[in-house]
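One structure is given below, encoded as structure tokens.
The values are calculated or read from the model by the stated rules, or taken from the named source; none is laboratory data. Since the model is a prediction, treat every value here as computed from it, not as a measurement. Note: ideal-geometry Cβ built from the backbone for every residue, glycine included; neighbour counts use all protein chains shown. Heavy atoms of the whole protein, side chains included, go into the accessibility calculation; ligands, DNA and RNA do not. Shrake-Rupley method; radii C 1.70, N 1.55, O 1.52, S 1.80 Å.
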Amino acid sequence: MRYVSTRGGAPVLEFDDALLAGLAADGGLYVPSAWPAISAGDLEAWRDLSYAELAVRVISPFLGGRIGEDDFAAMVEDAYAGFDHPDVAPLKQLEDGLWLMELFHGPTLAFKDYPMQLLGRLFDHVLSKRGERVTILVATSGDTGSAAIAACRDREAIDAFILYPHGRVTEIQRRQMTTVAAPNVHSIAIEGTFDDCQDLVKAMFNDRGFRDELKLSAMNSINWGRVMAQTVYYVRAALRVAAPGQAVGYSVPSGNFGNVFAGYAAREMGLPVDRLVVASNVNDILTRFFEAGDYSIAEVRPTLSPSMDIQISSNFERLLYDLYDRDGAAVAEAVATFRETGRLDVGEARWQKAREIFTGYRLDDEETKATIREVWRATGELLDPHSAIGVAAARAKRRDPATPMVALATAHPGKFAEAVEAATGSKPELPPALADLVARPERLQVLAGELGPVQDFIRAHVELQGAA
Ligand SMILES: *Cc1c(COP(=O)(O)O)cnc(C)c1O
């Protein structure tokens with residue numbers, strides 16, 4: 001198993017090198033050179049495994065022998081041991097043929113913990129073996145930052161700096177980032193917007209001297225390791241709700257196309273998948289593509305589901321690669337056209353091919369609130385706004401009640417308490433482990449959105465860590 005770039009112009013890498021590289025040198029994304037196979041027999045044999053045991057089986061072929069088997073099993077066990085539900089990703093039946101898969105039982109209450117907890121350990125393992133360390137930089141509008149901090153805290157070979165827009169994240173999100181007492185992670189509140197944070201991170205990566213000096217690295221959603229770790233719960237859900245050989249539909253609240261692409265990967269590996277519903281808010285570039293072939297950029301509008309307020313879905317390039325029959329040069333050209341014109345036309349045949357697997361559905365904020373309210377009244381379940389979009393899309397797009405449909409709940413309702421309370425009048429509680437979050441001391445640095453001071457701060461604090 002080796003990794004190739006979607007743009008065909010970067011070195012072919014082994015798993016560990018692709019993991020540390022994140023983005024490929026030609027600007028593309030790494031994908032496995034071939035999909036490993038899951039057979040019907042495998043699925044039957046895996047039915048009673050724990051989440052961690054299943055994760056080892058599903059993920060191991062992607063490692064290409066580059067991580068020791070026992071080491072990997074221990075990392076996976078450790079990654080999910082702290083989750084607050086014995087099933088890790090439990091399923092609840094909402095109505096006939098419709099299940100909710102709760103992906104918010106990790107330390108920061110959103111699905112990003114599922115890949116990130118493993119990724120932090122994989123990074124640490126690979127780096128420690130090589131005697132290297134890296135500095136992880138993350139720009140976040142909320143959820144990614146806390147998940148990255150929880151994944152990097154107390155790791156030996158990593159310093160992590162998280163840039164978020166000062167005053168523009170929810171109190172819970174801020175406290176999840178600023179109350180972690182670990183010497184190797186640092187929250188930086190930037191006086192500016194999320195885009196300013198992202199520009200700063202990009203500028204630091206583009207500053208070759210700084211990049212080499214600090215050995216910058218990224219754990220963002222284009223890292224192959226994240227997609228790989230997310231394939232596990234698609235398999236898990238099928239084992240729980242489907243009869244042997246029966247196909248399952250999945251509805252996935254989507255922004256960067258990372259989560260739903262993992263569902264696609266599971267399907268390519270052999271999991272019987274009926275369809276993948278790409279659920280979005282009014283930032284609906286993906287829905288417009290699957291509905292009408294219109295992949296064109298529009299202004300980002302803030303919504304009640306901020307983790308999906310995205311108009312360039314970076315992982316979509318991985319799907320393009322398959323739609324263009326793994327022709328990297330063709331993908332590079334398509335992406336360049338999109339960058340230049342803000343629009344991409346993949347042609348009728350490729351679009352139809354995508355539609356055999358994917359379908360899109362969009363909700364605005366009013367519809368999202370109505371769904372939260374209606375599901376709460378009918379079932380007693382409180383859904384966060386992202387998860388509510390997934391549930392509404394699942395209902396709208398399921399083909400027939402005999403085919404099970406799984407809606408992915410990507411965040412805990414307590415993480416978006418205001419919106420949930422506005423919709424239902426009922427305020428969701430945080431889980432016990434976070435109940436005292438508002439009482440914990442915060443540690444953060446507020447900095448102007450200028451490159452110089454941010455680089456100075458990072459330099460100073462990496463050095464401190466090294467000297468300790
Ligand atoms: C990140 C996030 C999403 C979007 O996931 P993608 O992989 O970017 O498509 C959806 N819901 C929540 C709660 C998230 O944090």
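Which one is nearest to the ligand (Cβ to nearest atom), of the residues in region 423-436 that are part of a helix (DSSP H, G or I) and modelled with pLDDT under 95?
Applying the filter and picking the extreme gives Leu434.
Which ones in region 325-363 are among the small types (Gly, Ala, Ser) and open to solvent by 40 Å² or more (accessible area, probe 1.4 Å)?
Of everything in region 325-363, those that are among the small types (Gly, Ala, Ser) and open to solvent by 40 Å² or more (accessible area, probe 1.4 Å) turn out to be Ala329, Ala336, Ala349.
Taking into account only those residues within region 109-148 that are without any contact (Cβ under 8 Å) to a residue 40 or more places away in the chain and part of a helix (DSSP H, G or I), which is most open to solvent (accessible area, probe 1.4 Å)?
Filtering region 109-148 for residues that are without any contact (Cβ under 8 Å) to a residue 40 or more places away in the chain and part of a helix (DSSP H, G or I), the one most open to solvent (accessible area, probe 1.4 Å) comes out as Lys129.
Quick grid of which residues meet (1) open to solvent by 10 Å² or more (accessible area, probe 1.4 Å); (2) away from the ligand (no atom under 16 Å from the Cβ); (3) under 15 Å from Lys92 (Cα atoms):
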position: Ala370; (1), (2), (3): yes, yes, no
position: Ala378; (1), (2), (3): yes, yes, yes
position: Leu382; (1), (2), (3): yes, no, yes
position: Ala392; (1), (2), (3): yes, no, no
position: Ala409; (1), (2), (3): no, no, yes
position: Gly414; (1), (2), (3): no, no, no
position: Glu418; (1), (2), (3): yes, no, no
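How many of the residues in region 12-46 are open to solvent by 60 Å² or more (accessible area, probe 1.4 Å) and out of contact with any strand residue (DSSP E or B) (no Cβ under 8 Å at 6 or more places or on another chain)?
4
In the list Ser33, Ser50, which residue meets the criterion of being out of contact with any Lys or Arg (no Cβ under 6 Å at 6 or more places or on another chain) and among the polar types (S, T, N, Q)?
Answer to the selection: Ser50.
Spot the failing condition for Ala55; the list is (1) of a type in the set (Gly, Ala, Ser); (2) crowded, with 21+ Cβ neighbours inside 10 Å; (3) over 21 Å from Tyr234 (Cα atoms), and only one is missed.
(3)
Take the residues of region 258-288 that are assigned to a loop (DSSP other than H, G, I, E, B) and in contact (Cβ under 8 Å) with a residue 60 or more places away in the chain: which is farthest from the ligand (Cβ to nearest atom)?
Gly270
With the requirement that a residue be open to solvent by less than 50 Å² (accessible area, probe 1.4 Å) and either closer than 21 Å to Phe257 by Cβ or in a loop (DSSP other than H, G, I, E, B) (or both), what does region 88-108 give you?
Within region 88-108, Val88, Ala89, Pro90, Gly97, Met101, Leu103, Phe104, His105, Gly106, Thr108 qualify.
If you check Val180 against the conditions, is it under 15 Å from Gln455 (Cα atoms), out of contact with any His (no Cβ under 9 Å at 6 or more places or on another chain) and among the hydrophobic types (A, V, I, L, M, F, W, C)?
no
Let's see how each residue does on (1) open to solvent by 10 Å² or more (accessible area, probe 1.4 Å); (2) of a type in the set (Phe, Trp, Tyr); (3) farther than 22 Å from Pro385 by Cα:
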site	(1), (2), (3)
Leu239	yes, no, yes
Pro244	yes, no, yes
Ala247	yes, no, yes
Ser251	no, no, no
Phe257	no, yes, no
Gly270	yes, no, yes
Asp274	yes, no, yes
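Determine, yes or no, whether Ala392 is out of contact with any His (no Cβ under 9 Å at 6 or more places or on another chain), in a helix (DSSP H, G or I) and more than 30 Å from Ile172 (Cα to Cα).
no
Just to be sure I understand, how many residues within region 395-422 are more than 19 Å from Glu356 (Cα to Cα) and assigned to a helix (DSSP H, G or I)?
10
Scan region 432-449 and give yes if some residue there is within 22 Å of the chain's Cα centre (by Cα), over 23 Å from Gly255 (Cβ atoms) and among the hydrophobic types (A, V, I, L, M, F, W, C), otherwise no.
yes
Please go through region 42-59 and give me each residue that is under 14 Å from Leu118 (Cα atoms), of a type outside the set (A, V, I, L, M) and in contact with a Phe, Trp or Tyr (Cβ under 7 Å, 6 or more places away or on another chain), ordered by number.
Listed by number, the list holds a single entry, Tyr51.
I need the full set of residues from region 341-369 which are free of Cβ contacts under 8 Å to residues at least 12 places away in the same chain and under 24 Å from the mean Cα position of the chain (by Cα), in order please.
Glu356
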